């Protein structure tokens, strides 16, 4: 599960015209699609200032965890992190791994394809504390990509709604820009 969230969205939208907001966000959604979909991700949600990427083993393959991290890296690079020009939008990313419900939910004529459970919550909470240009991954995800991204900074995070601290790792931007 991957979430990517625009940092400072409220302030950003205060500083541009209402007509510019959908243009900017559509660029973000298109960029996220071009980063996540070719790496086996599904867009579970595209709403407001964030996107949810689902990496389901049956669709993304056995290396779904590394594909999620690759997708996050690709998204940051396409936004401009690690380039001379710099990012055209500030984005933080959170990735968590585990089992949960994936499928259609809804009622009363409304259906939505999504994921529900602790992994979604953990990923969203990691995203909330990720800084601009950061990819925070949970310990299970990092264990699967350790060889690809050695030396990640370890953090113990108190995340909103979680009873226990969550062990997380920051994929270094220097690795992201060379990935």
- Message: Name the single residue that is surrounded by the fewest Cβ atoms within 10 Å (Cβ to Cβ) among those in region 159-171 being within 17 Å of residue 93 (Cα to Cα) and in contact with a helix residue (DSSP H, G or I) (Cβ under 9 Å, 6 or more places away or on another chain).
- Response: 160
- Counting only residues that are touching a strand residue (DSSP E or B) at 6+ places or on another chain (Cβ under 9 Å) and in a loop (DSSP other than H, G, I, E, B), which one in region 44-82 is modelled with the lowest pLDDT? 48
- Counted residues, region 110-124 - those being in a strand (DSSP E or B) and either in contact with a strand residue (DSSP E or B) (Cβ under 8 Å, 6 or more places away or on another chain) or surrounded by 16 or more Cβ atoms within 10 Å (Cβ to Cβ) (or both): 6
- Take residue 108 and decide whether it is modelled with pLDDT under 90 and either over 26 Å from residue 28 (Cβ atoms) or touching a helix residue (DSSP H, G or I) at 6+ places or on another chain (Cβ under 8 Å) (or both). yes
- Message: Please determine whether any residue of region 125-143 is surrounded by 12 or more Cβ atoms within 10 Å (Cβ to Cβ), modelled with pLDDT of 95 or more, farther than 14 Å from residue 53 by Cα and more than 17 Å from the chain's Cα centre (by Cα).
- Response: yes
- List, please: which pairs have Cβ atoms under 7 Å, are six or more places apart or on different chains, and start with a residue in region 86-112 that is free of Cβ contacts under 8 Å to residues at least 12 places away in the same chain and on the phi > 0 side of the Ramachandran plot and end with one that is surrounded by fewer than 14 Cβ atoms within 10 Å (Cβ to Cβ) and assigned to a strand (DSSP E or B)? 106/112
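The values are calculated or read from the model by the stated rules, or taken from the named source; none is laboratory data. Since the structure is predicted, the reported quantities are computational estimates derived from the model, not experimental observations. Cβ coordinates were reconstructed from backbone atoms using ideal geometry, including for glycine residues, and neighbour counts include every protein chain displayed.
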